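The values are calculated or read from the model by the stated rules, or taken from the named source; none is laboratory data. From a predicted model like this one, the values you see are computed outputs, not experimental measurements. FYI the Cβ positions are ideal-geometry reconstructions off the backbone, even for glycines, and counts take in every protein chain you see.
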Amino acid sequence: MKDTPGWASPGSAPSEGQEPGASGPAEPGDRPAEPADQPVADPQAPGVKWSKEQPPAGQWSAPSGPASPGQAPPPPPSGPGWGGRPPGAPGGQGAPGHVPYGGWGGGWGGPPPAAKPGVIPLRPLGVGEILDGAVSTMRTYWRTVLGISLTVAVVVQVVVILLQGLFLYDRAGTEALSDPSATLSELTRALGDTVLDTGVVFLISLLGTIAATALLTTVTSRAVLGKPVTTGEAWRDARPQVVKLFGLIFLLLLITFGIVLGGALPGILVAVSGSGDAGAALGVLGTLGGGVVALWLMIRFSLASPALMLEKQGIKKAMSRSAKLVRGSWWRVFGIQLLATVIANIVASIVVIPFAVLGALFADGGIAFFLNNTGGNPGWTFLVISGIGSVIGSMITFPITAGVTVLLYVDQRIRREALDLELARAAGLQGYGTGSGG
């Protein structure tokens, strides 16, 4: 004999005279059930008479009164809500195979969200989640991130300002490039000075970028696990790979320069042989073609830096790992990195340009130096004020570009190698990925 009622459809109650859990109305002519602890009344006893005329079949309905003693009332109807189904919908509550709310497939809610021990959820990421993860790393671990960025940016700008103020700006000016009457030797010297100045500043900035990337890669990788890291810990973790990272970056620059120069070389040779116009046209086309090939290779190897730092790989192995991770996703990686670079530089320009204009007001040549770029030494005041703006801009660009690169690397490994399971174990999540949810 059952002691608990079974599942009933919403809005119905068990009929009297039925065993709890039984379905369907009571048959006509059945007498109501008596409580189990009372004697059964005799139908022939005086005072108990039944009418000989009973209502026809089909006109009986389940009583709407309270259920018989000892029987629990039916569950209330479930209204539509988040993850629920409307009453009467196929597969709703009471239907065969129904899973109660909160389980997988219970309603329209889908599987539970992925675990998020740190700045990103442990699943394949979207563009917004990658950008948000880089910004969240800055916001959550701002002391470490801004400390590293500020230190590197200050060192870089001090070296650049000293070189510009003491050596670079004292060389021959670049006004010959805009002078129609300049001789070939003057143009050659001015062009050489411009290339030298730009190359020195670029090289120093590149060294600072490499150092910031090495340290911020460790910080971002720990932020994925929700684990903070100090500047000292980041340096101790990154120090064994810093020399290899320098070698990797210079090798990639050498490859880029060699490809672009190789594309322009036929045009240069044709121009030297005497066909100036044809050589110039061929040189432009070759340079554009070489630039396209170089860009393709740079994106292909763009994840080599985090692979080298986080996997403790060599230069060659890191480049092959990047090529494997980017294969089939070149346009996606290119688009995300381009978007992050544009956003970071726009935000940095909003800070840098006002400082440059303010510095030009105090320059020796006034605002005309800033607008006309007439060459010469603008003075230490301009260099210092514009350098402060560059430091603030670098504090913005370093964390965003480094963070996006690391999170792209993590995302590609999650998509191809199920890295989320390893990250979950490293974050201390028990039972993640075993089919029990999470």
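For segment 187-243, the set of residues classified as in a helix (DSSP H, G or I) and of a type in the set (D, E, K, R) consists of Arg189, Asp193, Asp197, Arg222, Glu233, Arg236, Asp237, Arg239, listed by residue number. Cβ-Cβ distances below 8 Å connect the following pairs, each with a first residue in segment 260-276 that is without any contact (Cβ under 8 Å) to a residue 60 or more places away in the chain and of a type in the set (A, V, I, L, M), a second residue that is in a helix (DSSP H, G or I) and exposed (fewer than 14 other Cβ atoms within 10 Å of the Cβ), and a separation of six or more residues or different chains: Val270/Ala278; Ala271/Ala278. Residues in segment 340-367 that are surrounded by 16 or more Cβ atoms within 10 Å (Cβ to Cβ) and either under 26 Å from Asp132 (Cβ atoms) or of a type outside the set (A, V, I, L, M) (or both): Ala340, Ile343, Ala344, Asn345, Ala348, Val351, Val352, Phe355, Gly359, Gly365.
Taken as a whole, segment 331-339 holds at least one residue that is over 29 Å from Arg236 (Cβ atoms) and surrounded by 19 or more Cβ atoms within 10 Å (Cβ to Cβ). Scanning segment 150-160 turns up no residue that is in a helix (DSSP H, G or I), modelled with pLDDT of 90 or more and under 30 Å from Arg416 (Cβ atoms). Identify the residue in segment 382-398 that is among the hydroxyl-bearing types (Ser, Thr, Tyr) and under 11 Å from Val351 (Cα atoms) and, among all such residues, is surrounded by the fewest Cβ atoms within 10 Å (Cβ to Cβ). So the residue we want is Ser390. Picking from residues in segment 124-145 that are surrounded by fewer than 17 Cβ atoms within 10 Å (Cβ to Cβ) and touching a helix residue (DSSP H, G or I) at 6+ places or on another chain (Cβ under 6 Å), the one that is nearest to Glu417 (Cα to Cα) is Pro124.
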